[in-house]
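K.L.:
Here it is, the structure, as structure tokens.
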Amino acid sequence: MKLWIPFATAAGVFVAAAILFGADWDMPPVDTEQIGYRGTGMVLVKDREKQEDLRLANLAPEPLYEADPEGDRAGDVYENVQVLGGLSDDQFNLFMASITQWVSPEQGCTYCHNEENLASDEVYTKVVARRMIQMTQAINQDWQPHVAQTGVTCYTCHQGQPVPANVWSRDLGPGEKGRALGWRDGQNVVSELAGVTSLPSNALESYLLEDKQIRVHSLTALPTGENTATTKETESTWALMMHMSESLGANCMTCHNSRAFNDWDQSPPQRVTAWHGIRMARDINQTYMTGLAPVFPDNRKGPEGDVLKVSCATCHNGVQKPLYGVSMLKDYLDSLGVKSNTDVPDYTTYTPGETQIMGPAKTTSLAPVSGEGDGGKALASAD
């Protein structure tokens, strides 16, 4: 008689019961909003249990006070004010107090400054902050097709943290550098950047740093030779779309029509906003983040030595409109609403502690393009 069988059966029943009843699994309550015809699947779904946490995580702070625009200019009062020198003394001090609250509330002014010499550039974070102010000004002026008049401030991404919570860098992971452990091709390991799936983990590098075409399928039933995209590109596209969905707390129907994912004319208007958002993130990473590589210390870079970069989640933080659409920019139009000094130092010659005067330098800029050369009739675009 095989005595182990009843014991094994009892153990299996016990484990199954523990899994089913002990893990407190249940179907989360959801709210749905119908945005299309019944039966088409055009429905937005929200997890009700997450909404309160998201609201608490996306509260916009009130401005400290209203600054007086009159008086001496900051560039005349203080030394080494290269970007915001046109502000009044009061406006400048308001912005300095605000950026401290937004980025380093615990560390205070010394996070970016030598408290014995505030004009010094010896703290690298001051050099970075100066460039980030230029970046924020450029976003608010050049990328209104995405940020509209709501705009962004430093708080949109940082939310009281020196390093924004949702940044990314290259991740080769196990088995990528050498083939001894097998070649994963960036897949088959759960990735938070791909919606907690095993889709390609470095899809953001392809689309939010490089400018690879986002393509899924052909528009013809049979191959014509015009669509050279393979399953590999398709999976990378899915990874990006999963990332965008998780970043905005939205599903596919926010930007796409369920009956014709590829057709722009049948898509919700949010798809156009997202199209500009992809290119804005790419512009930020190419023009601002990667250029700062010589300035960032190794502990502020990724495991492969590249700088931390922005993604959709960096600003959105789980909601479709950052900070639920509250505009902090309206209180800081003088400092962040317009471009001031757009010159850029040569960071390749960066030496810690030495002040670099903002001077003309070549940068990469990706302005929105018309889409020429996309082969619009041959391929279906996902972005």
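The values are calculated or read from the model by the stated rules, or taken from the named source; none is laboratory data. All values derive from a computational prediction rather than experimental measurement. Don't worry about glycine lacking a Cβ; one is built from the backbone with ideal geometry, like all the others, and counts go over all protein chains shown. Heavy atoms of the whole protein, side chains included, go into the accessibility calculation; ligands, DNA and RNA do not. Shrake-Rupley method; radii C 1.70, N 1.55, O 1.52, S 1.80 Å.
K.L.:
Where a Cα-Cα gap under 17 Å defines reach, which aspartates and glutamates qualify for residue 46, not counting those fewer than 8 residues away within the same chain?
P.N.:
Straight-line reach from residue 46, under 17 Å: 26, 31, 33, 246.
K.L.:
With every protein chain kept in the model, how would you rank 296, 14 by accessible area, 1.4 Å probe, largest at the top? Display every interim value, and only then the final one.
P.N.:
Working: 296 35, 14 150 Å².
Largest accessible area first, the list is 14, 296.
K.L.:
Related question: Given a 1.4 angstrom probe, I'd like the percentage of the accessible area of the chain that is carbon and sulfur, rounded to a whole number. Don't skip to the answer; put the middle values down first.
P.N.:
Numbers: 11840 of 21340 Å².
On the chain, the fraction of accessible area on carbon and sulfur atoms equals 55 percent.
K.L.:
Could you give the length gained on full extension between residue 79 and residue 259, defined as 0.36 nm per residue of separation minus the Cα-Cα distance, in nm?
P.N.:
Values: separation 180, 0.36 × 180 = 64.80 nm, distance 6.01 nm.
Extra length available between residue 79 and residue 259 comes to 58.8 nm.
K.L.:
Follow-up. How would the stretch 58-139 be classified by its alpha-carbon gyration tensor: rounded, prolate or oblate, with rounded meaning a/c under 1.5 and the a/b versus b/c comparison settling the rest?
P.N.:
Values: a/c = 1.37, a/b = 1.00, b/c = 1.36.
Rounded, because the longest to shortest axis ratio a/c is under 1.5.
K.L.:
Per the Cauchy relation, a quarter of the hull surface: what is the mean projected area of the convex hull of the alpha carbons in the stretch 58-97, in nm²? Mind showing how you got there, number by number?
P.N.:
On the way: hull surface 13.3 nm².
If I average the Cα hull's projected area over directions, I get 3.3 nm².
K.L.:
Can you give the angle from 0 to 90° between the axis of helix 270-283 and the longest principal axis of the chain, with both taken from C-alpha atoms, to the nearest 10?
P.N.:
60
K.L.:
Less than 12 Å apart at the alpha-carbon level, and either on another chain or at least 8 residues along: which aspartates and glutamates does that give for residue 339?
P.N.:
Output for residue 339: 142.
K.L.:
If you don't mind, another one. Given a cut-off of 22 Å, name the pairs among 212/309; 126/309; 126/301; 50/321; 126/212 whose C-alpha atoms lie farther apart than that in the structure shown. Don't skip to the answer; put the middle values down first.
P.N.:
Details: 212/309 17 Å; 126/309 18 Å; 126/301 17 Å; 50/321 16 Å; 126/212 33 Å.
Distance filter (> 22 Å) returns 126/212.
K.L.:
Put a dot 7 Å past each Cα toward the Cβ at residue 196 and residue 300; how far apart are the dots in nm?
P.N.:
Going from the residue 300 label point to the residue 196 one covers 3.1 nm.
K.L.:
Could I ask something else about it? Where only protein heavy atoms count, and the probe is 1.4 Å, what is the accessible area per residue for the chain in Å²? Provide the component values of the computation, followed by the final result.
P.N.:
Details: 21340 Å² over 383 residues.
Per-residue accessible area for the chain comes out at 56 Å².
K.L.:
At what distance in nm do the modelled label points of residue 116 and residue 224 sit from each other, each positioned 7 Å from its Cα along Cα→Cβ?
P.N.:
Inter-label distance under the simple model: 7.1 nm.
K.L.:
I'd like the FRET efficiency for residue 339 and residue 30, computed as 1/(1 + (r/R0)^6) with the beta carbon distance as r and R0 of 41 Å, rounded to 0.05. Don't jump to the answer; show the numbers that get you there.
P.N.:
On the way: r = 43 Å, r/R0 = 1.05.
Once the sixth-power term is evaluated, E becomes 0.45.
K.L.:
Find the relative contact order for the stretch 283-363 and round it to a whole percent, using C-alpha pairs within less than 8 Å whose residues are 6+ positions apart. If you can, show how the numbers build up before the last one.
P.N.:
Details: 50 pairs, mean separation 21.4, N = 81.
It comes to 26 percent, rounded to a whole number.
K.L.:
Please state the relative contact order of the chain as a whole percent: Cα pairs under 8 Å, 6+ residues apart?
P.N.:
Values: 559 pairs, mean separation 81.8, N = 383.
Normalised by residue count, the contact order of the chain is 21 percent.
K.L.:
Right, next: Can you tell me the length gained on complete extension of the stretch residue 234 to residue 59, counting 0.36 nm per residue apart and subtracting the Cα distance?
P.N.:
Values: separation 175, 0.36 × 175 = 63.00 nm, distance 3.64 nm.
Here the answer is 59.4 nm.
K.L.:
Label-point separation (nm) for residue 15 and residue 97, each offset 7 Å from Cα along Cα-to-Cβ?
P.N.:
6.2
K.L.:
Angle between the Cα long axis of helix 124-142 and the longest principal axis of the chain, 0 to 90 degrees, nearest 10?
P.N.:
Rounded to the nearest ten degrees, it is 80.
K.L.:
What angle do you read, to the nearest 10 degrees and between 0 and 90, between the alpha-carbon axis of helix 89-103 and the longest principal axis of the chain?
P.N.:
With rounding to tens, the tilt is 30 degrees.
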